[in-house]
Amino acid sequence: MAEVRVPLIQNLEATLRDGDVPQTLQFQPAVDSTESGKSESSESKPLQPMVDPLGNARTAIQEDIAKEFAALRAAGTMSPSEAAALATKKVMEKHGFLNPT
């Protein structure tokens, strides 16, 4: 496992040294030990960025929660933690993830 981490850390260090923003990487382990031997001798392919299949839904929910939170905080009657909890509850009820009580 250490042989996997070292190149990732070196890549991260080089990226930060260059002043670039690190990208999320996806690790794809070798399936066969003979394949891993081949990949060590040949040039390794760069890792591909991870794809988030729920990214759009997650972003939409987070935006809804942020809007609710801002509206509750604008009223000025709640603390931030109370507003966050209530905003999350309202959005979950709106999207059917929480049964209203």
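The values are calculated or read from the model by the stated rules, or taken from the named source; none is laboratory data. Nothing here was measured: the structure is a model prediction, and the numbers come from that model. Cβ sites come from the backbone with ideal geometry, for glycine too, and all protein chains shown count toward neighbours.
Among the residues of the range 58-88, those identified as more than 22 Å from the chain's Cα centre (by Cα), at pLDDT 90 or above and surrounded by 11 or more Cβ atoms within 10 Å (Cβ to Cβ) are Glu68, Ala70, Ala71, Leu72, Arg73, Glu82, Ala83, Leu86.
Name the single residue that is modelled with the lowest pLDDT among those in the range 1-26 being in a loop (DSSP other than H, G, I, E, B) and under 19 Å from the mean Cα position of the chain (by Cα). Taking the candidates together, the pick is Gln26.
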